[in-house]
1. Would it be correct to say that Ser233 is part of a helix (DSSP H, G or I), within 30 Å of Leu103 (Cα to Cα) and within 16 Å of the ligand (Cβ to nearest atom)?
2. Filter region 375-394 down to the residues that are out of contact with any strand residue (DSSP E or B) (no Cβ under 9 Å at 6 or more places or on another chain) and either crowded, with 18+ Cβ neighbours inside 10 Å or within 24 Å of Tyr256 (Cβ to Cβ) (or both) and list them by number.
3. Determine whether Arg215 is basic (Lys, Arg), out of contact with any Gly (no Cβ under 8 Å at 6 or more places or on another chain), closer than 22 Å to Phe266 by Cα and away from the ligand (no atom under 16 Å from the Cβ).
4. Right, Ile246: more than 15 Å from Glu183 (Cα to Cα), at pLDDT 95 or above and more than 16 Å from the ligand (Cβ to nearest atom) or not?
5. Return the residues of region 116-140 that are more than 15 Å from the ligand (Cβ to nearest atom) and surrounded by 22 or more Cβ atoms within 10 Å (Cβ to Cβ); say none if nothing qualifies.
6. Can you tell me which of (1) on the phi < 0 side of the Ramachandran plot; (2) in contact with a strand residue (DSSP E or B) (Cβ under 8 Å, 6 or more places away or on another chain) is the one Gly202 doesn't meet?
7. Could you say which residue among Arg215, Arg234 is among the basic types (Lys, Arg), within 23 Å of Ser119 (Cα to Cα) and in the same structural domain as Gly268 (by TED's automatic domain parsing)?
8. Every residue in region 327-349 that is outside any strand (DSSP E or B) and either charged (D, E, K, R) or touching a Lys or Arg at 6+ places or on another chain (Cβ under 6 Å) (or both), please.
Amino acid sequence: AHERYRDANPRSYQQHRKAAEVLPGGNTRTVLYSDPFPITLASAEGCRVTSLDGKEYVDYLGEFTAGLYGHSDPLLREAVESALQSGWVRGGHIEQEEKLARLICDRFPSIERVRFTNSGTEATLYAISAVRAISGRSKVLVFDGAYHGGVFVFKTVQNPLTAPFDFVVAPYNDWDGTRALLEANAQALSCVLIEPMQGSGGCIPASPSFLRQLRDWTEQNGVTLIFDEVMTSRLSGGGLQEMYGITPDITTLGKYIGAGFSFGAFGGREDLMSHFDPSRVGAFSHAGTFNNNVFTMTAGAVGLEKVFTPIIAEQLTERGNSLRERLNEIAAQASFPMQFTGVGSLMNVHMCGGEIESVRDLTGSDMNLRDLFYFDLIERGIWPARRGMFNLSLPMGVLEFSVLEEAVKDFVRVRSKLFT
Ligand code: PMP
């Protein structure tokens, strides 16, 4: 398969070799690495991307969910063009930052005040650093399988980059195991940080009852609850917290809300966020050069106000749910060990049967089969994330969904035969 892949993508192969001369492994973004080499993209339009080798793909990777709007939304283009006309490195406040902040506060009732960053990673960093400083406590409880940014990965046994922080790693969706750790660390715990659906860990939703128990315990014990909705904020107008009716103290955001430009945000209860009010004595500093950059603020506000309204968010979630059900039906009918987990427009394929409630349930997942599926899709003109993530963008419709459904049908048919 590797040889065929190399023969089909010679320019990407050459590009990778050139890049490796100046970037370690030819890479500046681990998640895009793909053995034997990644395909380089030359352009994008609508919900399609085109490679350096001139091959077109249906874009199911969707810039790891930041590509929600697709590549050519006319209102976003207009917003960016207007920003270009008025200068984009102003070094002062701009009206659009208040506009985007207001749109976010209106959508997420738990966010009374918000601050912008350049990435979800920074949003995590500021959220947990602030809570640690406010509480005077050092520990942060996170979950196995979690991803909160490049240095905040809890998917592997030990991530050396998290060393400066004092993390306690609890079992996701396991209340008894989590409660034991909460109680053992109660005095030293500043906050609990959780993705209400683990994204990078494999689109594994937390059960609403697990989140509710966490909410109740943290409230009773004076521990701050942070929801990382960097990925899940798209699942309804007000994210998974709105869908589940559970209110965190702080929320981190990122991805699509910046309309494809660098973006992150953290926000929450006014009493917590007011520590960043610079008019206060002893205020925390947070002064990123690009926090209010003109492209992100302008396009982000137009996107939320005019394109991805709460009704459109609901529709996209419904379309994602029904596509995922159809894909799972194909595998189930053939009794094939393959399933798509997730919520709404976010999903991940796993090559195993049985219920998946945490990364602990993925130990039997067949990684070779997942890789074969990946290369099969690439060959058929579908662009997923190598780890098996698929997410929908607004320009996608019946045609793009059926391309994926047919690919899954053929894969299951061919592989079922090989197995029997
Ligand atoms: N939190 C979650 C849940 C994420 O999925 C990501 C990015 N994949 C991040 C935080 C970090 O965001 P960024 O890549 O913008 O730093």
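The values are calculated or read from the model by the stated rules, or taken from the named source; none is laboratory data. The structure displayed is predicted, hence computed values, not measured ones. Methodologically, a virtual Cβ is constructed for each residue, glycine included, from the backbone with ideal geometry; neighbour enumeration extends over all protein chains shown.
1. yes
2. Listed by number, the residues that qualify are Arg386, Leu394.
3. Judged against the criteria, Arg215 is a match.
4. Taking the combined requirement at face value, the residue satisfies it.
5. Hits for region 116-140 are Ala130, Val131.
6. (1)
7. Unique residue meeting the criteria: Arg234.
8. Glu329, Ile330
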